[in-house]
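The block underneath contains the structure these notes are about, expressed in structure tokens.
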Amino acid sequence: MADTTAEVEQETPPPPSSCYSVILRIMRKRRTWVCIFVLVYTILLTFSWNFLKSLLS
């Protein structure tokens, strides 16, 4: 029983790839989330505006 727990503890997951760690580092920044929010808000506003223009015309 002790041997199996020791083997499980010794098995560590492989280190994350550099691309994955770069993405995680970027996503931790508040500026990234602000940019994503502004981008999504702009896209929604544009689609809504175009939809309203098409309804009124």
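The values are calculated or read from the model by the stated rules, or taken from the named source; none is laboratory data. All of these numbers come straight from a predicted model, not from anything done at the bench. Positions of Cβ are generated from backbone atoms using ideal geometry, with glycine treated the same way; all protein chains shown enter the neighbour counts.
Points worth noting:
- Residues that are among the hydroxyl-bearing types (Ser, Thr, Tyr) and more than 22 Å from the chain's Cα centre (by Cα) within the stretch 34-49 comprise 46, 48, listed in sequence order.
- Test for residue 4: is it loosely packed, with under 10 Cβ neighbours inside 10 Å, part of a loop (DSSP other than H, G, I, E, B) and at pLDDT below 85: no
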